[in-house]
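Just below is one structure, and these are the notes that go with it.
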Amino acid sequence: MDTIANFFSFITTPVSWVIVQFHKLYGAIFGPDTGWAWGLSIVSLVVLIRICLIPLFVKQIKSTRNMQALQPKMKAIQERYKSDKQRQSEEMMKLYKETGTNPLSSCLPILAQSPFFFALYSVLSHIAEGKTIGVINQSLLDSARQAHIFGAPLAAKFTDSAEKVEALGASITDVRIVTAVMIVLMSASQFFTQRQLMMKNVDLSVKTPYMQQQKMLMYIFPVIFAVMGINFPVGVLVYWLTTNVWTMGQQMYVINQNPTPGSKAQDAYLQRLLKSVSHHGEVRGRRRKNIVKAIVAKGSDRNDNERRFFAGLAKAGFAAQVDGTVLKSDTAVAEAEGGAATRRQQPKRQTKAQRQSGGGHQPQAKDADAADEPQDAAPGDTTPSLEKKPQSPAKGTKAGSADDQATGDKPARPSRANSGGSRQGQGKSGQRKGQQRPKHPSSKK
């Protein structure tokens with residue numbers, strides 16, 4: 001650790017200067033030799049560094065999401081060029097270039113913090129050894145050695161011996177209790193941050209090895225911090241705990257306000273947005289309008305969360321526009337409420353056997369057949385007659401046609417049984433279905 005800190009010694013002077021400037025401010029309030037003055041100076045250093053790293057954090061979010069979306073394509077390239085590693089690397093680089101994705105972007109905030117972290121470690125190590133460093137002169141060195149945070153000296157470590165801790169004016173019990181609590185909090189905040197990312201801000205519809213890697217890191221990182229934490233001075237633990245808490249809060253804000261598409265966080269966000277639109281009758285805020293605009297532009301590529309959001313808008317009587325606004329729409333309500341009902345009223349599809357046997361006739365067909373039957377029964381008689389009625393002469397014969405002309409009567413309609421058979425026969429021969437007009441007596445067969 002000391003070797004790595006010496007590698008970043010070029011930045012120890014700027015870091016020590018920033019700490020001294022904050023110490024002057026807090027020393028005027030809490031006293032120059034108090035742990036509050038030196039502890040808050042370190043916390044302020046963290047806040048200043050993290051504010052400067054916000055643009056890198058935004059790039060990290062975009063890169064992480066792009067990597068999640070590219071995992072299926074990357075896996076396909078690996079399977080396709082399994083035996084050709086060089087071609088596999090070329091195709092990967094081509095994919096990154098086409099999509100504008102940088103795999104190292106997800107590590108930028110950590111890499112950018114590393115020089116400041118090791119510079120602070122070097123400053124606190126020199127304070128523990130009683131050596132001046134950067135702009136910290138002897139008077140500031142003596143003040144820092146007297147500063148205690150909850151009874152633990154700023155430069156004390158969990159692994160320090162009792163003699164070294166007593167030289168700093170503290171007991172080994174106080175140091176180990178304070179450092180142990182800070183290590184647990186540091187590891188717990190790291191675990192919660194990673195778990196929050198995996199459980200809420202990941203597209204669950206895409207199952208890739210990247211998700212498994214992130215899940216493994218969720219358990220590995222806290223263990224790494226716990227092992228490394230016993231070798232950190234109290235001041236460095238304050239620095240790392242503060243940056244973990246900052247990361248957790250920053251990520252929580254991003255998840256709530258700009259979640260990953262397809263994640264549980266996006267579903268919760270769109271439901272909140274739907275309630276806001278239903279209550280106010282409009283999309284409030286430029287950022288929300290941009291989100292609605294982006295969803296509208298996706299068209300048929302919307303995920304399940306976005307489809308539910310649009311269905312909720314339609315049910316509430318709103319239609320999303322291409323500019324991210326919403327308009328009142330009665331048509332949307334009718335489609336949302338009547339679409340499902342229309343689908344439910346559709347008749348059940350019949351099989352071919354049911355259609356040929358006539359057992360699956362529609363109610364309209366039954367009524368038509370009933371209307372074609374001769375009304376011979378008495379008005380009050382509901383009992384069906386089993387007696388066979390005489391058949392009229394067949395249509396199309398000369399005798400039948402002559403009799404019809406002589407008497408002036410129309411030809412009798414066929415019985416229901418015969419009509420069904422004749423219709424089937426006509427359907428097979430390609431003739432027009434239904435009852436045929438009688439032929440003229442002079443016409444030939």
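Which residues, counting only those in segment 31-43, are in a helix (DSSP H, G or I) and either surrounded by fewer than 18 Cβ atoms within 10 Å (Cβ to Cβ) or free of Cβ contacts under 8 Å to residues at least 24 places away in the same chain (or both)?
36, 40, 41
Can you list residue pairs whose Cβ atoms sit under 7 Å apart, with the first residue in segment 66-79 being modelled with pLDDT under 75 and the second being small (Gly, Ala, Ser) and surrounded by fewer than 19 Cβ atoms within 10 Å (Cβ to Cβ)? Count only pairs 6 or more apart in sequence or on different chains.
Correct list of pairs: 67/106.
For the structure I just gave you, tell me whether residue 313 is under 21 Å from the mean Cα position of the chain (by Cα) and more than 24 Å from residue 65 (Cβ to Cβ).
It is true that residue 313 is under 21 Å from the mean Cα position of the chain (by Cα) and more than 24 Å from residue 65 (Cβ to Cβ).
Looking for something outside any helix (DSSP H, G or I), out of contact with any Asp or Glu (no Cβ under 9 Å at 6 or more places or on another chain) and either outside the structural domain of residue 197 (by TED's automatic domain parsing) or on the phi > 0 side of the Ramachandran plot (or both) - is there at least one such residue anywhere in segment 286-298?
no
What is the residue count in segment 299-325 for residues that are within 15 Å of residue 260 (Cα to Cα) and among the basic types (Lys, Arg)?
Matching residues across segment 299-325 total 1.
The rows are residues; the columns are (1) part of a loop (DSSP other than H, G, I, E, B); (2) farther than 27 Å from residue 178 by Cα; (3) among the small types (Gly, Ala, Ser); (4) not assigned by TED's automatic domain parsing to the domain that holds residue 314.
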| position | (1), (2), (3), (4) |
| --- | --- |
| 228 | no, no, no, yes |
| 232 | yes, no, no, yes |
| 237 | no, no, no, yes |
| 241 | no, no, no, yes |
| 246 | no, no, no, yes |
| 249 | no, no, yes, yes |
| 252 | no, yes, no, yes |
| 269 | no, yes, no, no |
| 274 | no, yes, no, no |
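The values are calculated or read from the model by the stated rules, or taken from the named source; none is laboratory data. As the structure is a prediction and not an experimental result, all values here were calculated from the model. Cβ: placed from backbone, ideal geometry, glycine included. Neighbour counts: every protein chain shown.
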